[in-house]
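Only one structure is covered here, and it is reproduced in the block below.
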Amino acid sequence: MGVTEASSQRRLISNISSTYRKILLNPSYKYLLLLLGAPVNLVVFLVYMFQSKKDAYTTLKAKVQAHLISSGYRDKLKSQQLEQLKRKHEFFEQKVSEDKLNRELEALTEARFQEAVEEHTRKQLELTGQKRLTFADTFESLIANPVFFAVSWAPGLLMYILIFLFSRPYLKFIFERLIMTVFVIFGVAVLVFTILYLSPLNPAANILGETATPEQIAAFNQIHGLDQPYLTQLWNNIKGIFTFDLGKSFSGNEDITNSIARKFPVTLTLTIISLLLAMIIAIPAGIISATRKNSFFDYTFMFIALLGLSIPNFWQGLIFILTFSIELEWLPATYNPQNWLSMIMPIIVLGTGLTAAVARMTRSSTLEVINEDYILTAKAKGLNKRQVLRKHAVRNALIPIITVIGLQFGSMLGGAAVTEKVFNISGIGSYIVDKQFIPDIPAIMGGVVYTAITISLVNVIIDIMYAFFDPRIRSRMKQY
């Protein structure tokens with residue numbers, strides 16, 4: 001049992017050391033590693049500085065440098081550099097003082113001399129079979145000590161977590177996407193606030209009315225912090241977003257976080273149901289159109305898809321209300337969360353454009369794939385048409401389809417305001433539009449940023465699906 005545990009510990013230390021070396025060679029992660037494990041890395045650095053003084057490289061470098069100086073190599077190099085500098089100044093017709101020429105000569109000679117010393121030292125190390133002590137070597141030697149390894153876990157926990165994530169390609173992939181998402185969300189927050197801050201609309205004047213006195217407007221601005229500097233207001237709004245405390249809205253004095261928590265799920269639910277319905281209809285329709293190119297089904301499906309892309313949402317919604325609510329009286333004209341029938345028309349209107357886009361992309365992507373050589377090879381092996389289509393064609397055609405679905409989901413979620421207004425849906429889209437005309441900065445910031453967070457998370461899922469469906473992406477992930 002003891003032998004097994006010792007072997008497991010050696011493998012763990014070896015994995016940590018090798019991953020540590022890889023991270024130090026990666027500019028994107030190097031400084032993050034040094035920062036997260038600052039206490040441990042500081043000890044490693046001090047030990048490294050002490051050991052490097054007795055390192056074979058340092059000793060050999062001093063000998064090589066002394067030998068080159070005693071052999072007259074540096075003086076010869078200096079004379080060569082002097083001739084080159086003189087020719088250069090003569091060619092460009094530059095008049096340089098003696099002092100400046102000497103300073104330039106010394107700097108250039110020293111740089112060239114140190115390059116020669118490094119090169120000679122490296123060759124001598126290779127001949128003697130020695131190697132230069134590195135920071136990673138020092139870390140590896142230290143964590144090989146069980147006491148140091150155990151003690152380093154407390155101050156270096158975040159560093160070891162980073163090493164663990166880096167050693168797992170899929171976790172590293174997800175971690176990178178999440179970090180990018182944080183930067184995107186922060187950028188969206190700054191951009192939205194800056195636009196609202198520079199907006200000519202005056203919240204105090206719009207809410208209090210034209211009869212408001214300057215004193216009333218000043219009091220309103222002071223209550224809501226609108227008299228504070230730009231950076232202070234920006235920080236307060238960003239802090240409120242990440243702490244889920246956006247305060248009270250300018251109009252109605254309602255709690256913004258609670259309002260968004262009530263309205264956002266409505267829009268998200270309608271969007272997800274529309275997305276699922278669109279995928280169920282569009283992907284099979286696109287595949288059928290591709291496998292039966294130029295047939296009646298192909299022309300019919302693509303004609304319907306073209307109509308779906310061409311019809312504006314607001315017009316389609318009004319036509320649906322006039323037809324199915326007023327004329328036929330089949331469905332309610334406005335949305336009611338207690339009546340599932342009221343969801344039918346908004347879902348169809350919201351998903352029409354997505355269905356059309358996905359159907360057309362599925363058709364073109366499948367057509368491109370089914371003419372590839374590996375599809376012909378699969379058919380030549382005797383696989384039937386359905387097996388070839390399911391196992392080879394569709395799987396390889398899904399990447400552009402997934403891309404379109406991800407992009408369209410963001411458009412649907414962010415552009416649901418029109419559909420919500422038509423069907424009187426109290427969702428996040430109509431909420432942002434209503435607050436825009438004030439402008440109610442915290443409410444708009446919260447609605448837009450939380451929508452951006454959802455879209456960013458969906459994009460992370462889309463990126464993960466890329467790796468799931470495309471083995472080429474998985475192989476590239478394992479290489480880095």
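The values are calculated or read from the model by the stated rules, or taken from the named source; none is laboratory data. As the structure is a computational prediction, the values presented were derived from the model and not from experiment. Glycine gets a Cβ as well: all are built from the backbone with ideal geometry, and neighbour counts include every protein chain shown. When the accessible area is computed, the model is the full protein with side chains, heavy atoms only, and any ligands, DNA or RNA have been set aside. Shrake-Rupley method; radii C 1.70, N 1.55, O 1.52, S 1.80 Å.
Taken together, the criteria place ALA136 among residues that are of a type in the set (A, V, I, L, M), modelled with pLDDT of 85 or more and touching a Phe, Trp or Tyr at 6+ places or on another chain (Cβ under 8 Å).
Number of residues in segment 237-267 that are in contact with a helix residue (DSSP H, G or I) (Cβ under 7 Å, 6 or more places away or on another chain), under 23 Å from ILE405 (Cα atoms) and among the hydrophobic types (A, V, I, L, M, F, W, C): the value is 1. When segment 192-204 is filtered for residues that are of a type in the set (A, V, I, L, M, F, W, C) and open to solvent by 40 Å² or more (accessible area, probe 1.4 Å), the ones remaining, listed by number, are ILE195, LEU198, LEU201.
Here are some residues: TYR431, TYR466. Which one is over 23 Å from ILE179 (Cβ atoms), aromatic (Phe, Trp, Tyr) and either in a loop (DSSP other than H, G, I, E, B) or touching a residue at least 24 places away in the same chain (Cβ under 8 Å) (or both)?
On inspection, the qualifying residue turns out to be TYR431.
Which of the residues that make up segment 218-236 are part of a loop (DSSP other than H, G, I, E, B), in contact with a helix residue (DSSP H, G or I) (Cβ under 8 Å, 6 or more places away or on another chain) and open to solvent by 60 Å² or more (accessible area, probe 1.4 Å)?
Initial filter on segment 218-236 (part of a loop (DSSP other than H, G, I, E, B)): 224-229.
Cutting the leftovers down to in contact with a helix residue (DSSP H, G or I) (Cβ under 8 Å, 6 or more places away or on another chain) gives us 224-228.
The answer is ASP227, GLN228.
Report yes if ASP245 is assigned to a loop (DSSP other than H, G, I, E, B), closer than 14 Å to PRO203 by Cα and out of contact with any His (no Cβ under 7 Å at 6 or more places or on another chain), otherwise no. Spelling it out, it is not the case that ASP245 is assigned to a loop (DSSP other than H, G, I, E, B), closer than 14 Å to PRO203 by Cα and out of contact with any His (no Cβ under 7 Å at 6 or more places or on another chain). Among the residues making up segment 95-126, a single one is in contact with a Leu (Cβ under 6 Å, 6 or more places away or on another chain), closer than 24 Å to TYR48 by Cβ and open to solvent by less than 70 Å² (accessible area, probe 1.4 Å): THR121.
Would you confirm whether any residue within segment 400-407 is in a loop (DSSP other than H, G, I, E, B) and at pLDDT 75 or above?
Taking every residue of segment 400-407 in turn, none turns out to be in a loop (DSSP other than H, G, I, E, B) and at pLDDT 75 or above.
Taking segment 301-324 as the range and being touching a helix residue (DSSP H, G or I) at 6+ places or on another chain (Cβ under 9 Å) and either outside any helix (DSSP H, G or I) or more than 18 Å from ILE425 (Cβ to Cβ) (or both) as the test, the residues that pass are PHE301, MET302, ILE304, ALA305, LEU306, LEU307, GLY308, LEU309, SER310, ILE311, PRO312. When the test is whether a residue is without any contact (Cβ under 8 Å) to a residue 24 or more places away in the chain, open to solvent by 100 Å² or more (accessible area, probe 1.4 Å) and either β-branched (Val, Ile, Thr) or under 29 Å from GLU176 (Cβ atoms) (or both), LEU12 does not pass it. For SER274, the conditions (1) within 20 Å of VAL188 (Cα to Cα); (2) modelled with pLDDT of 80 or more are fulfilled apart from (1).
Residues of segment 337-351 that are surrounded by 14 or more Cβ atoms within 10 Å (Cβ to Cβ) and either of a type in the set (A, V, I, L, M) or more than 16 Å from THR271 (Cα to Cα) (or both): MET343, ILE344, MET345, ILE347, ILE348, VAL349, LEU350.
Could you say whether any residue in segment 70-92 is within 48 Å of the chain's Cα centre (by Cα) and either farther than 30 Å from MET159 by Cβ or not acidic (Asp, Glu) (or both)? No: zero hits.
If you check LYS63, LYS78, LYS88, LYS30 for being assigned to a helix (DSSP H, G or I), over 19 Å from ARG132 (Cβ atoms), without any contact (Cβ under 8 Å) to a residue 24 or more places away in the chain and open to solvent by 60 Å² or more (accessible area, probe 1.4 Å), only one passes: LYS88.
Sort through GLU215, GLU210 and tell me the only one that's surrounded by fewer than 16 Cβ atoms within 10 Å (Cβ to Cβ), of a type in the set (Asp, Glu) and either assigned to a helix (DSSP H, G or I) or under 26 Å from the mean Cα position of the chain (by Cα) (or both). Before the answer, list the steps.
On the way: GLU210 fails: either assigned to a helix (DSSP H, G or I) or under 26 Å from the mean Cα position of the chain (by Cα) (or both).
Being surrounded by fewer than 16 Cβ atoms within 10 Å (Cβ to Cβ), of a type in the set (Asp, Glu) and either assigned to a helix (DSSP H, G or I) or under 26 Å from the mean Cα position of the chain (by Cα) (or both) holds for just one of GLU215, GLU210, which is GLU215.
The residue pairs whose first member lies in segment 202-224 and is over 13 Å from PRO439 (Cα atoms), whose second member is open to solvent by less than 40 Å² (accessible area, probe 1.4 Å) and outside any helix (DSSP H, G or I), and whose beta carbons are closer than 7 Å, counting only pairs six or more residues apart or on different chains, do not exist in this structure. The set of residues in segment 233-252 that are more than 13 Å from LYS435 (Cβ to Cβ) and aromatic (Phe, Trp, Tyr) comprises TRP235, PHE242, PHE244.
Here ASN424 meets each of (1) in a helix (DSSP H, G or I); (2) open to solvent by 10 Å² or more (accessible area, probe 1.4 Å) with one exception, condition (1). Does SER52 satisfy the condition of being of a type in the set (S, T, N, Q) and in contact (Cβ under 8 Å) with a residue 60 or more places away in the chain? Yes: the conditions hold for SER52.
The set of residues from segment 415-468 being hydroxyl-bearing (Ser, Thr, Tyr) and in contact with a Leu (Cβ under 8 Å, 6 or more places away or on another chain) comprises THR419, THR451, THR454.
Of all residues in segment 300-321, exactly one satisfies the criterion of being hydroxyl-bearing (Ser, Thr, Tyr) and either buried (at least 18 other Cβ atoms within 10 Å of the Cβ) or modelled with pLDDT of 80 or more (or both), namely THR300.
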